[in-house]
Amino acid sequence: MDQTPTLDRQGSPTAMRMLDKFGNQAFNPLFDLGAWHGFLQPDRVEEYGAFNGPMIVAEEYGLYLANQLEKLNISVNDKDLDYAEAQVSFENQAGQLQQRYHWPQLELQLSLHFVTPRSAIVSTSLINKTDKPLPLTLRWQGQLLQDWQDELPLTKQYPDWQRSIKTQPQSVEIQLGNVRSTWNMLLSGDSRYQIRRSVPSQDEQAGTLAYQASHQLNLDGKQRQVIYTSHSYVHSQQEWQQESRRLDEVFNSPAKAIEASQQRWQQYREKGLMQQALLPDALAEKAMQTLLGNWRGSAGALKHDVVTPSVTARWFNGAWAWDSWKHAAAMAHFAPDVAKDNILAMFDYQIQADDPLRPQDAGMVIDAIFYNKDAQRGGDGGNWNERNTKPPLASWAVWELYQASQDKALLEQLYPKLVAYHQWWYKNRDHNQNGLAEYGATAHPLHNDQQGHILFDIKPLEQGDISQQVKTHCQHKSQDWYQCAGATLYEQVLSSGQYHELDIGAQHGAGWESGMDNAARFGFINTEQLQTYAEQHYAGNLQQARLDWQVRFFENHSKDGTLLGFSIDQESVELNAYLAMEKHLLAEMAKVLGLAEQSRRWQSQSETLAARVNQCFFDQDSGFYYDRQIGREKADTSGCSGKLLTARGRGPEGWAPLWAGIAGQKEADAVASVMLSSDEFNTYVPLGTAAQSNPAYHPDIYWRGRVWLDQWYFGVMALDKYGYHQQAAELALRLLNNSQGLLQDGAIRENYHPLNGAVQGATNFSWSAAHLYLMYRQLNPN
């Protein structure tokens with residue numbers, strides 16, 4: 001491998017929002033140290049002499065504030081230096097951006113480092129290359145962007161939004177007025193951006209929302225002088241008061257602050273990089289930079305620092321549960337403090353028994369937390385989510401962090417929380433109480449009405465009994481759609497098949513809870529695919545075919561009749577494999593904590609559940625693991641109920657028992673054969689989220705074909721765990737070599753096209769980076 005993976009940091013913002021077809025902001029700014037703003041290298045000669053941007057995270061959305069806020073122009077003896085005539089070099093080293101410009105008489109060096117969780121500092125070094133004094137005039141200028149997005153001025157998008165720029169001798173203050181636009185931009189009215197310099201400057205005439213300032217400097221022969229400029233972004237007056245004190249300390253010794261930043265990155269590299277790994281060191285470092293770039297310091301409702309999925313993806317500036325577990329598992333090895341904070345941030349909102357909103361969910365860790373809570377919690381954010389949790393990988397992350405840090409106090413703190421979370425699954429997501437859990441959805445206004453009846457939307461056939469019932473008992477929404485409530489009517493609709501389309505909020509909640517949002521196994525299949533399926537299996541009978549893809553929901557109640565939530569009518573193989581693994585990890589934690597009896601009990605339960613996973617979810621005929629569809633009855637004498645959902649095809653859930661280490665060798669050999677088949681999962685970029693034989697497969701559908709690097713990692717490590725070392729290495733290298741930009745300067749992506757390697761989804765995606773990094777550490781090159 002002679003390629004050198006890097007990250008392209010260049011970019012020229014021309015509007016606050018510059019979204020690609022996947023909803024990503026253009027370019028890959030450098031963020032670090034939990035800061036909520038980041039910077040780019042210039043993309044054009046006319047932009048030289050500044051770091052472009054910044055991008056700010058307006059509480060939940062990444063937006064460009066300017067093309068450049070501190071462009072430096074230099075005059076020598078009243079003659080402007082031309083950047084086009086300079087020798088120029090840019091460097092994007094770990095945690096810093098550098099620019100060097102050489103003219104015959106002068107050298108200019110610009111470097112940018114993050115020195116606090118809210119500030120970066122730019123070092124401007126000027127070196128007189130001659131023996132004679134150089135009288136210099138330094139002019140800085142900047143202007144805020146005027147467009148919201150291409151061909152849409154801000155004045156049209158937000159006509160009442162007020163911004164201002166105020167200059168003082170050693171600072172530039174940018175005030176950002178109040179905006180509460182739930183899906184685009186959230187600013188408190190106290191948000192501000194400040195530029196502060198170590199030298200005074202004279203204010204000069206500038207245009208609207210722009211500034212220009214100058215400083216006179218006489219540089220003696222061979223002399224070097226350094227000017228320091230901080231760039232700070234805060235959300236509130238309280239943050240600003242804290243940051244002002246930190247900046248005073250920074251400016252007392254700016255060189256020391258920069259040195260501390262460099263040492264911090266050196267420690268990341270010393271801890272995180274290995275020798276002779278299968279994956280290249282440069283790719284591992286790219287993954288580390290991606291994870292550290294998505295690190296956001298505590299703010300708003302975020303009580304601890306978090307690592308978000310992607311600072312450049314429109315919806316991803318918050319923290320999700322299983323994302324956080326994956327991020328922490330990787331960062332445990334090079335940034336353990338950040339990993340720890342990310343775990344604690346999610347447990348900050350673990351539901352307690354006295355919770356005023358959902359005490360019935362005591363123990364659950366909610367799906368997603370953001371700067372702002374949702375309306376139910378008294379906030380105005382739209383991304384906070386309590387409709388579901390995520391797969392139980394928290395113990396895996398905590399154990400990974402403990403193994404890396406030997407932090408026993410962390411185990412003591414989190415063990416009871418992990419136990420409560422683990423037990424929640426059996427209280428709230430095991431409808432028939434047979435010890436095998438289901439995914440589902442919480443009691444929530446988008447899942448049920450005030451009486452607790454399940455909600456669903458239907459587009460009924462024009463004629464028939466169901467059409468009449470729907471029109472009589474349901475609320476008309478739009479065009480041919482109606483909203484209905486009640487499990488009885490929902491069951492009648494399903495049994496009749498008298499509908500064009502059906503949508504049920506709890507189905508989305510269950511898909512989200514699995515993390516595989518629209519996977520085929522949860523009944524997601526598009527109309528064209530369903531028609532093809534009907535032709536292949538039922539002579540074109542669409543209503544008959546639809547029966548194989550219908551999902552039902554069970555209401556789960558406590559003994560006193562309280563609605564606990566909803567379970568989908570299938571026990572999921574990887575959910576129960578993860579729970580078996582978690583029982584084993586809880587046993588290991590209990591052993592460390594001296595809880596011998598609890599350790600023994602957890603291990604016994606792990607072994608029992610592992611046996612049942614192999615008994616109930618493995619299909620001997622096709623050699624693969626599947627979810628099992630269940631009814632309302634309890635398990636039969638075999639411990640299993642219902643039928644395996646083989647009709648919905650194969651997905652990565654089928655190799656979860658191997659990754660969890662609970663499959664028998666015979667079962668693992670059969671699964672490996674499917675994984676390595678070119679007709680199934682062994683594609684150009686291997687191990688996609690649906691086999692090519694899956695009726696709902698499409699290479700460009702989120703969880704029905706695209707290659708996600710978490711499931712790819714679970715698959716590769718599953719093969720390696722069961723003796724398929726060479727095949728695991730081959731699949732790992734094929735992803736690296738065939739995924740667009742991965743071994744060049746492209747951002748690490750959310751997912752990749754299985755047939756051609758094209759990039760898909762979010763840019764700078766954390767869990768992809770996390771699993772690349774874990775693969776780098778764990779897959780033996782031999």
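Those residues that are assigned to a helix (DSSP H, G or I) and of a type in the set (Lys, Arg), I need them from the stretch 278-299; list them, please.
Passing the criteria: only LYS286.
Could you look through the stretch 121-166, keep only residues that are surrounded by fewer than 19 Cβ atoms within 10 Å (Cβ to Cβ) and small (Gly, Ala, Ser), and pick out the one that is farthest from ASN218 (Cα to Cα)?
Residue satisfying both the conditions and the ranking: SER164.
Would you mind stating whether MET288 is of a type outside the set (S, T, N, Q) and either over 30 Å from the mean Cα position of the chain (by Cα) or surrounded by fewer than 17 Cβ atoms within 10 Å (Cβ to Cβ) (or both)?
No: the conditions fail for MET288.
So, GLY464, is that one over 34 Å from the mean Cα position of the chain (by Cα), of a type outside the set (Lys, Arg) and at positive phi or not?
Answer is yes for this residue.
Just one of GLY723, GLY715, GLY757, GLY741 is under 21 Å from the mean Cα position of the chain (by Cα) and over 18 Å from PRO280 (Cβ atoms); which is it?
GLY715
Would you mention how many residues in the stretch 299-325 are more than 14 Å from TYR371 (Cα to Cα) and aliphatic (A, V, I, L, M)?
Qualifying residue count, the stretch 299-325: 2.
Before we move on, is SER622 in a helix (DSSP H, G or I), more than 28 Å from the chain's Cα centre (by Cα) and among the polar types (S, T, N, Q)?
Answer is no for this residue.
On the given criteria, is ALA420 under 30 Å from LEU585 (Cβ atoms) and among the small types (Gly, Ala, Ser)?
Spelling it out, ALA420 is indeed under 30 Å from LEU585 (Cβ atoms) and among the small types (Gly, Ala, Ser).
Residues in the stretch 684-691: is at least one over 26 Å from GLN615 (Cα atoms) and not aliphatic (A, V, I, L, M)?
Yes: one or more hits.
State yes or no: is ASP203 among the charged types (D, E, K, R) and in a loop (DSSP other than H, G, I, E, B)?
So ASP203 fails the test.
Within the stretch 686-723, which residues are within 13 Å of ASN526 (Cα to Cα) and among the aliphatic types (A, V, I, L, M)?
Answer for the stretch 686-723, where residues must be within 13 Å of ASN526 (Cα to Cα) and among the aliphatic types (A, V, I, L, M): ALA696, ILE701.
Is it fair to say GLY435 is in contact with a Lys or Arg (Cβ under 9 Å, 6 or more places away or on another chain), of a type outside the set (D, E, K, R) and not in a loop (DSSP other than H, G, I, E, B)?
No: the conditions fail for GLY435.
Scan (1) touching a residue at least 12 places away in the same chain (Cβ under 8 Å); (2) not in a strand (DSSP E or B); (3) not acidic (Asp, Glu) for the single condition LYS559 breaks and write down its number.
(1)
Among residues belonging to the stretch 236-263 that are under 26 Å from the mean Cα position of the chain (by Cα) and surrounded by 19 or more Cβ atoms within 10 Å (Cβ to Cβ), point out the one that is nearest to LEU779 (Cα to Cα). Write out each step before concluding.
Narrowing the stretch 236-263 to residues under 26 Å from the mean Cα position of the chain (by Cα): 236, 239, 261.
Of the ones still in play, those that are also surrounded by 19 or more Cβ atoms within 10 Å (Cβ to Cβ) are 239, 261.
On the way: GLU239: 43, SER261: 31 Å.
Checked the stretch 236-263; the qualifying residue nearest to LEU779 (Cα to Cα) is SER261.
Taking into account only those residues within the stretch 167-182 that are assigned to a loop (DSSP other than H, G, I, E, B) and under 28 Å from the mean Cα position of the chain (by Cα), which is surrounded by the fewest Cβ atoms within 10 Å (Cβ to Cβ)?
ASN178
Can you give me the number of residues within the stretch 199-222 that are surrounded by 14 or more Cβ atoms within 10 Å (Cβ to Cβ) and more than 22 Å from ARG163 (Cβ to Cβ)?
Result for the stretch 199-222: 5.
Yes or no, residue by residue, for (1) in contact with a Ser or Thr (Cβ under 6 Å, 6 or more places away or on another chain); (2) assigned by TED's automatic domain parsing to the domain that holds TYR233; (3) free of Cβ contacts under 8 Å to residues at least 12 places away in the same chain; (4) not basic (Lys, Arg):
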residue: ASP80; (1), (2), (3), (4): no, yes, yes, yes
residue: TYR83; (1), (2), (3), (4): no, yes, no, yes
residue: ALA86; (1), (2), (3), (4): no, yes, no, yes
residue: PRO117; (1), (2), (3), (4): no, yes, no, yes
residue: SER123; (1), (2), (3), (4): yes, yes, no, yes
residue: THR137; (1), (2), (3), (4): yes, yes, no, yes
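Return the total of residues in the stretch 64-89 being more than 17 Å from GLY11 (Cβ to Cβ), basic (Lys, Arg) and crowded, with 18+ Cβ neighbours inside 10 Å.
So the answer is 0.
With the stretch 81-166 as the region, which strands (runs of 3 or more DSSP E) entirely inside it contain at least 3 residues that are of a type in the set (Gly, Ala, Ser) and modelled with pLDDT of 95 or more?
119-128
Of all residues in the stretch 226-272, count the ones that are part of a loop (DSSP other than H, G, I, E, B) and without any contact (Cβ under 8 Å) to a residue 40 or more places away in the chain. Give the derivation first.
Our first condition is that a residue be part of a loop (DSSP other than H, G, I, E, B); within the stretch 226-272, this holds for 235-236, 253.
Checking the rest, the ones that are also without any contact (Cβ under 8 Å) to a residue 40 or more places away in the chain come to 253.
Selection size over the stretch 226-272: 1.
Give the stretch 526-547 a look and list any residue that's under 34 Å from the mean Cα position of the chain (by Cα), modelled with pLDDT under 95 and not polar (S, T, N, Q), or say none.
Answer for the stretch 526-547, where residues must be under 34 Å from the mean Cα position of the chain (by Cα), modelled with pLDDT under 95 and not polar (S, T, N, Q): just ARG546.
Could you please find all residues in the stretch 327-386 being of a type in the set (Val, Ile, Thr) and assigned to a helix (DSSP H, G or I)?
If we filter the stretch 327-386 for residues that are of a type in the set (Val, Ile, Thr), which is where we start, we get 338, 343, 351, 365-366, 369.
Across the stretch 327-386, the qualifying residues are VAL338, ILE343.
The values are calculated or read from the model by the stated rules, or taken from the named source; none is laboratory data. Model, not experiment: these values are computed from the prediction. Ideal geometry is used to build each Cβ from the backbone, glycine not excepted, and the neighbour counts take in all protein chains shown.
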